[in-house]
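Reading through the structure tokens given below for one structure.
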Amino acid sequence: MKKNIYKKYMLRPLVYMTATRFMTALIFYLAVDRFINNGPSASMTAGFLAALFALFAYLVYLRMDGLRIPRMKHFKTKKKKDVIKYDASMTDHIDDDAPVSFDELEEDERDFCSFFSSLINFIFFTLLSFLI
């Protein structure tokens, strides 16, 4: 595992991944709270989500440490051609840095973003399970 892997351009994918995972877990949390009448309490549901994010973070940590799990071969699907839109002039944005998406990151940078995204959500749902 490398030290000092964080780069400035990784902030955007990290924030997007954290927000996406948080919103998905929050939807699950609210659905369980709303639709299961005699089900688990709110703190148990938040604790379950915290444990799930801890598991995700641990699995990514193992991947960062060198553990590889063999996967099935990915089947390539045909992509639709992108529609080209000419709405604005590109001359306004020549000096801007192009934002980096998650797919454009290297593998160790993707693992870093995924690890810290799971860790942030783990901390949030752990605090939520104790406060509710």
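The values are calculated or read from the model by the stated rules, or taken from the named source; none is laboratory data. For clarity, every value in this text was computed on a predicted model and none was experimentally measured. When we count neighbours, we look across all protein chains shown, and the Cβ atoms used for this are built from the backbone with ideal geometry, even at glycine. Just the protein is used for accessible areas: all its heavy atoms, side chains included, with ligands, DNA and RNA removed. Shrake-Rupley method; radii C 1.70, N 1.55, O 1.52, S 1.80 Å.
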Can you name the residue in region 98-109 that is touching a residue at least 40 places away in the same chain (Cβ under 8 Å) and in a helix (DSSP H, G or I) and, of all such residues, is most open to solvent (accessible area, probe 1.4 Å)? 102
Please verify whether region 78-95 includes one or more residues that are in a helix (DSSP H, G or I), modelled with pLDDT of 80 or more and open to solvent by 100 Å² or more (accessible area, probe 1.4 Å). no
Residue 26: free of Cβ contacts under 8 Å to residues at least 12 places away in the same chain, surrounded by 12 or more Cβ atoms within 10 Å (Cβ to Cβ) and within 25 Å of residue 100 (Cα to Cα), yes or no? no
Tell me, please, whether a residue that is of a type in the set (Phe, Trp, Tyr), over 15 Å from the mean Cα position of the chain (by Cα) and modelled with pLDDT under 90 can be found in region 68-76. yes
I'd like the full set of residues that are surrounded by 13 or more Cβ atoms within 10 Å (Cβ to Cβ) and of a type outside the set (S, T, N, Q), limited to region 9-18. 9, 10, 12, 13, 14, 15, 16, 17
